[in-house]
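The values are calculated or read from the model by the stated rules, or taken from the named source; none is laboratory data. No experiment lies behind these values; they were computed from the predicted model shown. Neighbour counts are summed over all protein chains in view; Cβ atoms, including those assigned to glycine, are modelled from backbone coordinates with ideal geometry. Side chains are part of the model used for accessible areas, which takes the heavy atoms of the whole protein and leaves out ligands, DNA and RNA. Shrake-Rupley method; radii C 1.70, N 1.55, O 1.52, S 1.80 Å.
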Amino acid sequence: MDALRFLDTVKSSKEYKGQIAHVELIGRRSAVYSEVEPPVSGETAAALRRMGIDRFYSHQAESIEAVRRGENIVVVTATASGKTLCYNVPVIESLELDRRSRALYIYPTKALAQDQLGKLKQYGMESIKAATYDGDTPRQERPFIKSTANIVLTNPDMLHVGILPYHSTWSDLFRNLKYIVIDEVHMYRGVFGAHVANVIRRLRRIAEYYGSHPQFVCASATVNDPGRLVKDLTGVDARVIDSDGSPSGRKVFAFWNPPHLAGKGERRSANSEAVSLFTRMVESDVRSIVFTKARKTAELILRYARTALHDEKSPNADKIIAYRAGYRPADRREIERKLFDGELIGVTSTTALEVGVDIGGLDAVVMTGYPGTVASTWQQAGRAGRGVQESLAVLIALDNPIDQYMMRNPDYFFSSEHERAIIDSQNPYILADHLLCAAYEIPIDKNEVERIFGERAWEILGMLGDFGQLEFRKRWFWTGSTYPAADVNIRSAAGGSYSIVSVEGGGAMLGTVDGASVFDTVHPGAVYLHSGESYVVTKLDVIAKAAYVEKSEVYYYTTPGDHTRVSVEAEAESRDLIPVPEAIGSESTTDDRRASTKIKFGDVIVGNRVTHFWRKQLFSDEVLDKIPLDLPETVLHTEAVWITVPDELVGELQERGFDLGGSIHAVEHAAIGLLPLFALCDRQDIGGVSHPNHPDTEDKAAIFIYDGHAGGVGLARTAYDRIEELLTATLVNILECPCEDGCPSCIQSPKCGNNNEPLDKEGAAFLLRSMLG
């Protein structure tokens, strides 16, 4: 497509109100080819020729040669740069030469594994016996896969609960395991990444038990320090191959800011802007995708766009669809096929289509709201522009401080490095779980403790022995009667999944929703949107885990309202915050007569209850009414560190004209933003609450930072132990940030449920200076 001409057409329309805030041109890149020495030969070469592949990009050639030499590698190149060939070619070559060799391919999702299975089948080689092994694999097929497949495609969850604990039934695979391929390694970060890192260590250990020492061949989107990421994930060093030889066309990247509504302080809905752009693209036969942050938004934009296209009598009105988690697997595969074959022109999607699945060449990407990280934004933008074709990416800002900051400061985004994916395989809580799993699989020998699981494993093994969960008899043995992997959920999902059942369809299942969001999504009276059609929830059966829906052409959609509370369950430790004036580089401002700031650690309960929902007019988003709900509270028992602010300091803060709520709220955001540097976690793994007079802190102002995972995984504990360092770094970051009132770099948070209000940057700096002395 001619992206600039398309934007000029948009600018010349009567609907255009100056929304384009910035346009960045990313130049085209020419292909760089390299020869593979020695050349690929035999059946593998013939299969490649049949698929039209007769030469390799430089990064592909470098990867193939490195894998042939036995090196562990990680390929870090752009979306659609042909990373799959980097591992498929050397693996298939090896299988052709040695029919006993085996390979294990690990993908973060079942959909990606299915997509890659299709690519392997395209080779049409008898020596390739590939199969997926996941929760959807029929029981009757599983024995044949174990005995005959030489490429097994799976995901970390199935590896954890369905392969490693039953390794004796997979002995042929492990005995001949030559390659472990891990795709999309940038997806493994935070708590999930820490779990997967330990699953991979258990995998390495079992392979060694059967006498194999497989190579690791990894692929990733662009991340900061990919070599460190792979080392943290697998425990082995890997060569980084990041010189991208694939071509790319010019990309036009536009920042789009919705106009202010007449007579109001707010801006026009980003969803409405997305609908307008999407329909214009579809009418112009521009193959496009609209990314949204929520399933409901993807369905709403589809419905609005389809209605607009029908009104215009567009022949493309029925060539758009929504794609998201919660659809039945068969439905999702069919949508993927139609996108790839060109039967569909447009799709609205959550991040479910951000990675991996091949949906063919797209011309344009529209992002409804900043995805939250630089890396995710580029990943979504990279979905358009396959090969050398020109493409368009449009980031539509939401009416919140973070998105608006991006609009005002585009250089902040375009000059930023990709974030580093952080993994802490030594997290004691997670490590303990996986040491139990490992001991069940094979008793743990002393000579493999530190080599496989790291130095901290010695301490954890001793504790597990003291608790009676392991017994040491020259080796550590599991003492339980059941297998421990069943009790370790590596994604920390809550409450299982609920079925969404159509009343008219004779009980046909439309899709699923996870237990963590069921009350938000399918509460009684909720409008459930599916493929652009609306259904109303008539009954939610918590016991049967089913929501019953009835098709209904309603003129509204629904959004839930909730209330979150945090209460202290048990205070485990308490101490005074230690003043650290030398770290700030200024004289102490502490009044010796003022009570010291208390730091506490313990168990808390985070309760959330959906208390009501709003019915909102379609298209205009006007609130029609608010309807109360009586639903159970969802409760998270976890760990937290909390700071109580002395009353005297609160008085000083308010006397100086600072806002108490805004000050503690800003400290909460800024500290959470920096905690991953100390706790080696992902920002999504932690939560926070600030309260000007919390009842569990003697009505004192309090800031809570809690683990976002049931039972806690040690993140709040680390914050408690290193609170002085954390708050010092927080203050320095606030002081050194050049913004006036706060920005995403200091006190604003993409997770804030209060739209980043109120926030008081100067009050936060005063509060931290005073607490730290």
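Observations on the model:
- Placing unit charges on the Cβ atoms only, positive for Lys and Arg and negative for Asp and Glu, gives the chain a dipole magnitude near 2600 debye about its Cα centre.
- Region 450-568: relative contact order as a whole-number percent, Cα under 8 Å and 6+ apart: 16 percent
- For region 684-772, the convex hull spanned by the alpha carbon atoms encloses 117 Å³ per residue.
- Once C-alpha pairs closer than 8 Å and six or more residues apart are averaged by separation and normalised to the residue number of region 371-433, the relative contact order reads 34 percent.
- Measuring max minus min along each principal axis, the C-alpha atoms of region 222-277 give extents of 60, 29, 16 Å (largest first).
- Protection proxy ranking, peptides 361-374, 455-468, 67-80, average beta carbon neighbours within 10 Å, highest first: 361-374, 67-80, 455-468
- Per-residue packing, averaged as other Cβ atoms within 10 Å, sorts the ranges 251-259, 340-348 into the order 251-259, 340-348, beginning with the highest.
- Ordering of 508-519, 702-713, 46-57 by packing is 702-713, 508-519, 46-57, highest average first (other Cβ atoms within 10 Å, averaged per residue).
- For the chain, relative contact order (Cα pairs under 8 Å, six or more residues apart, normalised by length) works out to 11 percent.
- Only alpha carbons enter this Debye calculation for region 48-113, each as an equal point scatterer, and the log10 of I(q)/I(0) it gives at q = 0.16, 0.26, 0.27 Å⁻¹ is -0.62, -1.35, -1.37.
- Area projected by the alpha carbon convex hull of region 620-736, averaged over all directions, nm²: 11.1 nm²
- For region 532-569 versus region 676-703, the inter-centroid distance based on Cα atoms is 29 Å.
- Shape summary of the chain, radius of gyration then Dmax from alpha carbon positions: 27.2, 84 Å.
- Heavy-atom accessible surface of the chain: percent carbon and sulfur, 1.4 Å: 48 percent
- For the set 293/616; 296/551; 110/293; 11/251; 551/616; 14/293, the pairs lying more than 25 angstrom apart at their alpha carbons are 14/293.
- For region 303-418, diffusion coefficient by Stokes-Einstein and Kirkwood Rh (Cα), 20 °C, 1.002 mPa s, µm²/s: 136 µm²/s
- Positive-pole candidate from 640, 749, 122, dipole of the chain, charges at beta carbon: 122
- Dividing the convex hull volume of the alpha-carbon atoms in region 55-195 by its residue count gives 123 Å³ per residue.
- Shape analysis of region 1-98 based on the Cα gyration tensor places the equivalent ellipsoid semi-axes at 43, 15, 11 Å, largest first.
- For region 533-673, the equivalent ellipsoid derived from the alpha-carbon gyration tensor has semi-axes of 45, 21, 12 Å in decreasing order.
- Dmax and Rg, reported as Rg then Dmax, of region 434-589 (C-alpha, Å): 25.7, 74
- A 1.4 Å probe run over the chain, with the rest of the protein chains in place, finds 41 Å² accessible per residue.
- Computed helical MRE - 222 nm, the chain, DSSP H runs ≥ 4 contributing -39500 (n - 2.57), nearest 500: -10000 deg cm²/dmol
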